[in-house]
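As structure tokens, the structure follows; a few thoughts come after it.
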Amino acid sequence: MDCFALKGTFLDTPTPDTLRVRDGYLLCENGLCAGFSEAAPAGVEILDYTGKIITPGLVDLHLHAPQYSYCGTAMDLELLEWLNTVTFPEEARYSDLNYAEKAYSIFADDLKKSATTRASIFGTLHVDATELLMDLMEKTGLRTFIGKVNMDRNGSATLQEKSAVVSVRDTVRWLTDTAGKYENVKPILTPRFTPSCTDELMTGLAEIQRTYCLPVQSHLSENRSEIAWVKELCPGTSFYGEAYDQFGLFGGENCPTIMAHCVYS
């Protein structure tokens, strides 16, 4: 059994309205918290962080790994213009594995050094680069969901899958390549957002979701122009979420789902 104890000042929130601060020792067994005490536990290594605050790790429910290299830039642009002029050209570069390795190595190393210990992460539509990202994140020891992005419409000349059939095929290849490979990393189905995915692709992804019992991550109601666009693309729906729900990709017992932003829900 792998055991040690952390000594320091512990800060946690046992209930939503309670902030607790305690000095003492936290016993860790096989990677899990196994109890707190004011006295040092006997027979285990003590890692002394006296004067330091120790807290539970943070959880990041929405993170784009390929956007890390330019985060904080072009903040004057609205979402759709920002995607077309900044994001899509940058993500297209991840077809080059040498570039992807350099960029993703920096991302993984910085995330490892941060307060985030669990995250749900978007990659790009490139299978090889996404598998590389999963390899790098596995080495960090952080628990993450990572998704290969799906987008077969409204992308760019350099960033769009050729068809729904190709997108579905590549998604299955990605899942097959990575099945059972990781301890810390799990796959998550990742349609970029409704404007990027045809009905044919969403139907195919729904079938994959049921076959592989995968969770789903995407975007919802981030920007007024985006919402209006979805209404045009999906005239038979009464709200943005229904664009996903009509395919069974909007939560429920058998389809855990993370929808990012939800600014104008």
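Long-range amide H contacts for Lys186: which residues qualify at under 5 Å (H placed 1.01 Å from N, peptide plane, sequence gap of 5 or more or a different chain)?
Amide H to amide H, under 5 Å and 5 or more residues apart or across chains, Lys186 pairs with Thr144, Phe145, Ile146.
Using only Cα positions of the chain, each an equal point scatterer, no hydration layer, compute I(q)/I(0) via Debye at q = 0.12 Å⁻¹ and quote the log10 values to two decimals.
Here log10 of I(q) over I(0) equals -0.80.
For Arg192, list long-range residues whose amide hydrogen, built 1.01 Å from N in the peptide plane, is under 5 Å from its own amide hydrogen.
Residues meeting the criterion, in which the H sits 1.01 Å from N, are Asn150.
Which ³J(HN,Hα) values, rounded to whole Hz and listed in residue order, are derived for segment 240-253 from phi using the Karplus coefficients 6.51, -1.76 and 1.60 in 6.51 cos²θ - 1.76 cosθ + 1.60 with θ = phi - 60°, glycine and proline given as x?
Karplus-based 3J(HN,Hα) across segment 240-253 equals 4, x, 5, 4, 8, 5, 5, 9, x, 10, 9, x, x, 4 Hz.
Rank by packing, highest mean first: peptides 248-255, 14-21, 3-10, with packing defined as the count of other Cβ atoms within 10 Å averaged across residues.
The most tightly packed comes first, giving 3-10, 248-255, 14-21.
Could you check how much of the accessible area of the chain is carbon and sulfur, as a whole percent, using a 1.4 Å probe?
Percent of accessible area from carbon and sulfur atoms in the chain: 53.
Using only alpha carbon pairs under 8 Å that are at least six residues apart, calculate the relative contact order of the chain and give it in whole percent.
This gives 13 percent for the chain.
Less than 14 Å apart at the alpha-carbon level, and either on another chain or at least 8 residues along: which aspartates and glutamates does that give for Lys186?
Output for Lys186: Glu131, Asp135, Glu138, Asp177.
Please identify the helices of the chain, taking whole runs of DSSP H, that span at least 18 Å along their own axis as judged from the Cα atoms and have a mean Kyte-Doolittle score of -0.5 or higher.
Counting only whole DSSP H runs, the qualifying helices are 97-112, 127-140, 164-178, 199-212.
Return the whole-Å distance between the Cα centroid of segment 39-101 and the Cα centroid of segment 1-33.
Going from one Cα centre to the other spans 25 Å.
Which whole-number percent is the relative contact order of segment 111-238 (Cα, under 8 Å, 6+ apart)?
Contact order relative to length: 23 percent.
Give the whole-number value, in cubic angstrom per residue, of the convex hull volume spanned by the C-alpha atoms of segment 1-151.
Cα-based convex hull of segment 1-151, divided per residue, equals 160 Å³.
5 Å is the cut-off here: which amide hydrogens, built 1.01 Å from N in the peptide plane, fall below it relative to Phe4, excluding neighbours closer than 5 in sequence?
Cys28
The values are calculated or read from the model by the stated rules, or taken from the named source; none is laboratory data. All values reported here derive from a predicted model rather than from experimental measurement. A quick note on method: Cβ atoms are made from the backbone with ideal geometry, for glycine too, and the neighbour counts reach across all protein chains shown. What goes into the accessible areas is simple: the full protein's heavy atoms, side chains included, and nothing from ligands, DNA or RNA. Shrake-Rupley method; radii C 1.70, N 1.55, O 1.52, S 1.80 Å.
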